[in-house]
Ligand SMILES: [Zn+2]
């Protein structure tokens with residue numbers, strides 16, 4: 001009698017190898033059954049989003065599985081990678097995407113700059129992710145208590161002046177905060193500004209001429225094969241709140 005678990009694991013093994021574009025005979029030698037995923041590789045953008053949400057729920061529940069960290073799994077990533085999502089996040093040490101989504105090596109393509117800003121090199125990295133790696137989902141991930149957003153607000157309130165290189169971050173963030181009511185209490189203002197900054201980064205991505213000029217990226221976004229979503233990570237709860 002065939003064990004259902006083994007059958008499922010073999011199916012996943014095949015699906016995984018197909019997704020990676022490598023011969024299963026080669027992978028069989030290098031991966032080993034213990035390294036096989038416990039859920040199917042996302043076949044579309046919505047499945048990728050569900051997978052991130054499930055991973056964040058495990059993280060919040062303090063039940064991360066820390067899958068795909070062992071040497072047996074890493075060995076087959078030497079030649080290739082097949083991340084299912086791209087995260088445009090902040091450099092903040094408290095918001096590491098792989099941990100908060102409970103994902104392993106080779107699963108997330110991450111682009112991190114303070115304030116999750118959209119700089120030219122971010123666009124280049126994103127083009128690579130969509131055109132070459134074919135990631136199905138792009139998440140702009142801000143977080144509560146963001147220092148870069150906070151510094152921008154302080155400057156707008158004439159409370160602080162930052163050194164030149166931090167100024168360049170502030171210049172990137174400030175246009176997205178210009179409609180905020182600066183008379184709000186600080187906590188409410190920062191909370192509102194973090195979300196506004198995520199939406200600002202998303203607007204810049206959608207409007208960026210280089211990204212729009214890429215036929216494959218444009219087509220993939222229009223056909224929703226690739227979707228762009230915004231989210232805010234809550235430091236105190238560990239929850240990733242996806243925006244509407
Ligand atoms: Zn931040």
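The values are calculated or read from the model by the stated rules, or taken from the named source; none is laboratory data. Only a predicted model underlies this, so the values are computations on that prediction, with no experimental measurement involved. Note: ideal-geometry Cβ built from the backbone for every residue, glycine included; neighbour counts use all protein chains shown.
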note = Conditions (1) surrounded by fewer than 20 Cβ atoms within 10 Å (Cβ to Cβ); (2) modelled with pLDDT under 90 -> residue 221 fails only (1)
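Any residue that is within 16 Å of the ligand (Cβ to nearest atom), crowded, with 19+ Cβ neighbours inside 10 Å and farther than 19 Å from residue 239 by Cβ - is there at least one of those in the range 132-144?
Keep residues of the range 132-144 that are within 16 Å of the ligand (Cβ to nearest atom), which gives 139-144.
From what's left, crowded, with 19+ Cβ neighbours inside 10 Å: 139-144.
Next, from what is left, pick out any that are farther than 19 Å from residue 239 by Cβ: none.
No: zero hits.
The rows are residues; the columns are (1) within 20 Å of the chain's Cα centre (by Cα); (2) within 24 Å of residue 42 (Cα to Cα); (3) assigned by TED's automatic domain parsing to the domain that holds residue 130.
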site: 187; (1), (2), (3): no, no, yes
site: 196; (1), (2), (3): yes, no, yes
site: 200; (1), (2), (3): yes, no, yes
site: 203; (1), (2), (3): yes, no, yes
site: 209; (1), (2), (3): no, no, yes
site: 213; (1), (2), (3): no, no, yes
site: 217; (1), (2), (3): yes, yes, yes
site: 227; (1), (2), (3): yes, yes, yes
site: 230; (1), (2), (3): yes, yes, yes
task = Kindly establish whether residue 180 is more than 18 Å from residue 144 (Cβ to Cβ) and touching a helix residue (DSSP H, G or I) at 6+ places or on another chain (Cβ under 9 Å).
result = no
Any pair with Cβ under 6 angstrom, 6 or more apart, that starts in the range 106-117 at a residue that is assigned by TED's automatic domain parsing to the domain that holds residue 94 and over 15 Å from residue 82 (Cβ atoms) and ends at one that is within 14 Å of the ligand (Cβ to nearest atom) and at pLDDT below 95 = 114/169; 115/169
remark   = Selection over the range 151-165 where residues are within 15 Å of the ligand (Cβ to nearest atom) and either surrounded by 18 or more Cβ atoms within 10 Å (Cβ to Cβ) or not in a helix (DSSP H, G or I) (or both) yields a count of 4
message = So the check is Cβ under 9 Å with 6+ separation or different chains; which pairs have a first residue in the range 142-164 that's over 15 Å from residue 115 (Cβ atoms) and a second one that's in a loop (DSSP other than H, G, I, E, B) and more than 13 Å from the ligand (Cβ to nearest atom)?
response = 157/182
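In the set 96, 175, which member is closer than 21 Å to residue 48 by Cβ and surrounded by fewer than 20 Cβ atoms within 10 Å (Cβ to Cβ)? Spell out the reasoning first.
Details: 175 fails: closer than 21 Å to residue 48 by Cβ.
Within the list 96, 175, the selection yields 96.
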ask   = With respect to the numbered conditions (1) surrounded by 15 or more Cβ atoms within 10 Å (Cβ to Cβ); (2) free of Cβ contacts under 8 Å to residues at least 40 places away in the same chain; (3) away from the ligand (no atom under 16 Å from the Cβ), which one is the sole condition not fulfilled by residue 123?
value = (2)
